[in-house]
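Engineer: Once you've had a glance at the structure underneath, I'll fire off some questions.
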Amino acid sequence: MRSTALSNVPAVISIGELSRRAGVNIETIRYYERINMMPHPPRTASGRRVYGQVESRTLVFIRRARELGFTLDEIRALMALAAEGGHQACVEVRDLAARHLADVRSKIADLKAMGGLLADAVDRCDQGEPTDCPLIDALSRPPSQTASATPIQSRPHRQ
């Protein structure tokens, strides 16, 4: 992960410089502006976007939250709570983070179960079983008939 030197961000920087400093693609910055995750920046007389420390901090916040797996809606909520401040906002941030942590732990359990299933199938392939392909066989069976005791949960895709 790149470090960001926000303390010495000049009052006005270009989108390219913001991209470089925050470690985010230029198109990602434009996307965040389009979906109102970041405010639309002021422009120069020639139409170029100009950014400052506030935009830099916002972009770094979004990038770090995405790295931790928060959805865009969760990040919006976190940003609103950060703007609100105070003890109650901190309680709500903690609750949101606790829910996210539970989701991460659930995904880890699912990944471990998947790893066990795949390891079993690969081991069976390595043993040269004379029947059909063990991996195809494992993928064709319902979860209740697999070697893993932990069923892999189906969860809706997170944005």
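Here, each number is a calculation from the coordinates, and none is a lab measurement. All values reported here derive from a predicted model rather than from experimental measurement. Every residue, glycine as well, gets a Cβ built from its backbone with ideal geometry; the counts of neighbours run over all protein chains shown.
Engineer: Could you tell me what % of all Cα pairs in the range 10-143 have separations over 22 Å?
Structural biologist: In whole percent, the long-distance tail amounts to 58.
Engineer: Based on the alpha carbons, how large is the Rg to Rh ratio for the range 6-67 when Rh follows Kirkwood?
Structural biologist: Using only Cα positions, Rg/Rh for the range 6-67 is 0.93.
Engineer: Between the range 31-65 and the range 106-121, what's the alpha-carbon centroid distance in Å?
Structural biologist: About 40 Å separates the Cα centre of the range 31-65 from the one of the range 106-121.
Engineer: Dividing the alpha-carbon Rg of the range 86-145 by 2.2 N^0.38 Å yields what?
Structural biologist: My calculation over the Cα atoms of the range 86-145 gives 1.89.
Engineer: Return the FRET efficiency for the residue pair R30, L118: r is the Cβ-Cβ distance, R0 is 30 Å, and the value is rounded to the nearest 0.05.
Structural biologist: Rounded to the nearest 0.05, the efficiency is 0.20.
Engineer: Further question: If each residue's Cβ is checked for other Cβ atoms within 10 Å, how do R141, R76 rank with the fewest at the top?
Structural biologist: Ranking R141, R76 by Cβ neighbours within 10 Å, fewest first, gives R141, R76.
Engineer: Say R0 is 41 Å: what FRET efficiency, to the nearest 0.05, do Q53 and R94 get from their beta-carbon distance?
Structural biologist: Efficiency at R0 = 41 Å is approximately 0.90.
Engineer: Label D103 and R66 with points 7 Å out from Cα along Cα→Cβ: what is the distance between them in nm?
Structural biologist: 1.6 nm
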